[in-house]
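Here the structure is laid out as structure tokens; the discussion comes afterwards.
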Amino acid sequence: METKEILKKVRKIEIKTRRLSDHIFSGEYHTSFKGRGMTFSEVRQYQYGDDVRAIDWNVTARYNEPYVKVFEEERELTMMLMVDCSGSESFGSVNHFKNEIVTEIAATLAFSSTQNNDKVGLILFSDEIELFIPPKKGKSHVLRIIRELIEFKPKSKKTDLAQALKFLSSVMKKKAIVFLISDFMVKEYEHTLKIASKKHDLTGIRVYDRREQSIPNLGIVNMLDAETGDTFLVDTSSKQVRLNYEKYYKENVKYFTEMFSKCGAGTVSARVDESYVTKLLGYFKARN
């Protein structure tokens, strides 16, 4: 992809997602994800209705009139976006590929964090760590993240969520807001999810296409495994083949919802042909 075309795509995503984060998400994000605690700001004269427990008795004695301590929330937070860039994210059957929606969701969240003066970083992963951008503040940093989401070409097409979560725990020593965005079509990540969710405020965002949920009866077709690159003939007219695939799909989705719930982490499921805005807003409001 040429530089001019990349910049055009970045600008298009910036306009759309920044509008969403400015007018819709920033307030919800602020109230959903709290700061690290309350820090002392100043003292001021007591006003009717103030909590008497906030009176600063030393200052009150000095000036012979009541003064109260004012505290404010220590707001600065760090957001980490963990984005699955494996082969299965290139699937799409309606108007969008999964990776396009993933990019929009990540960009919207990134702009929401900058609206609140928080840092944001990025981990792109397949079955290895493809790219790590340490957390920083600022619009230019967010635009770099969006550019990488659009143009980055991973070395591998496979997925290993456990490896990605292990890397998160090794590089992020302090608590962060973590959004793990994937189709979650793998298992065996319970142990590392448990460790990461104890330390961080973790949310899994599952992006999927409705055509992935089942295989239609199309007779014998040549199919490509997006993660291995293998092609093979599948007899989709076989009811057992279709049932086995549906079972495999449902088991992965069930594992995702059950493991995240068990570890105290949040979940959002966004279908590519539905509004991810509605899903994210509902999730943020439910947290308040």
### Query
Can you name the residue in the range 131-140 that is in contact with a strand residue (DSSP E or B) (Cβ under 7 Å, 6 or more places away or on another chain) and under 18 Å from residue 77 (Cα atoms) and is also surrounded by the fewest Cβ atoms within 10 Å (Cβ to Cβ) among such residues?
134
### Query
Counting just the residues of the range 116-130 that are of a type outside the set (S, T, N, Q) and closer than 13 Å to residue 78 by Cα, which one comes out most open to solvent (accessible area, probe 1.4 Å)?
119
### Message
Looking at the range 247-286 only, could you name the residues that are surrounded by fewer than 14 Cβ atoms within 10 Å (Cβ to Cβ), part of a helix (DSSP H, G or I) and of a type outside the set (Ser, Thr, Tyr)?
### Response
247, 250, 251, 254, 258, 262, 282, 285, 286
### Query
Just wondering, is there one or more residues in the range 147-164 that are free of Cβ contacts under 8 Å to residues at least 40 places away in the same chain, surrounded by 15 or more Cβ atoms within 10 Å (Cβ to Cβ) and among the acidic types (Asp, Glu)?
yes
### Message
Yes or no: the range 89-99 includes at least one residue that is surrounded by fewer than 24 Cβ atoms within 10 Å (Cβ to Cβ) and at pLDDT 90 or above.
### Response
no
### Task
Mind listing whichever residues of the range 176-221 are loosely packed, with under 13 Cβ neighbours inside 10 Å and closer than 19 Å to residue 284 by Cβ?
none
### Task
Determine which single condition residue 232 fails, assuming it passes every other condition in (1) open to solvent by less than 50 Å² (accessible area, probe 1.4 Å); (2) free of Cβ contacts under 8 Å to residues at least 40 places away in the same chain.
(1)
### Query
If residue 244 passes every condition in (1) surrounded by fewer than 13 Cβ atoms within 10 Å (Cβ to Cβ); (2) touching a residue at least 60 places away in the same chain (Cβ under 8 Å) but one, which one does it miss?
(2)
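The values are calculated or read from the model by the stated rules, or taken from the named source; none is laboratory data. This one's a predicted model, so the numbers in the text were calculated from it and none came from an experiment. Heads up, the Cβs are rebuilt from the backbone with ideal geometry, glycines too, and the neighbour counts pull from every protein chain shown. The area values use the complete protein model at the heavy-atom level, side chains included, leaving out ligands, DNA and RNA. Shrake-Rupley method; radii C 1.70, N 1.55, O 1.52, S 1.80 Å.
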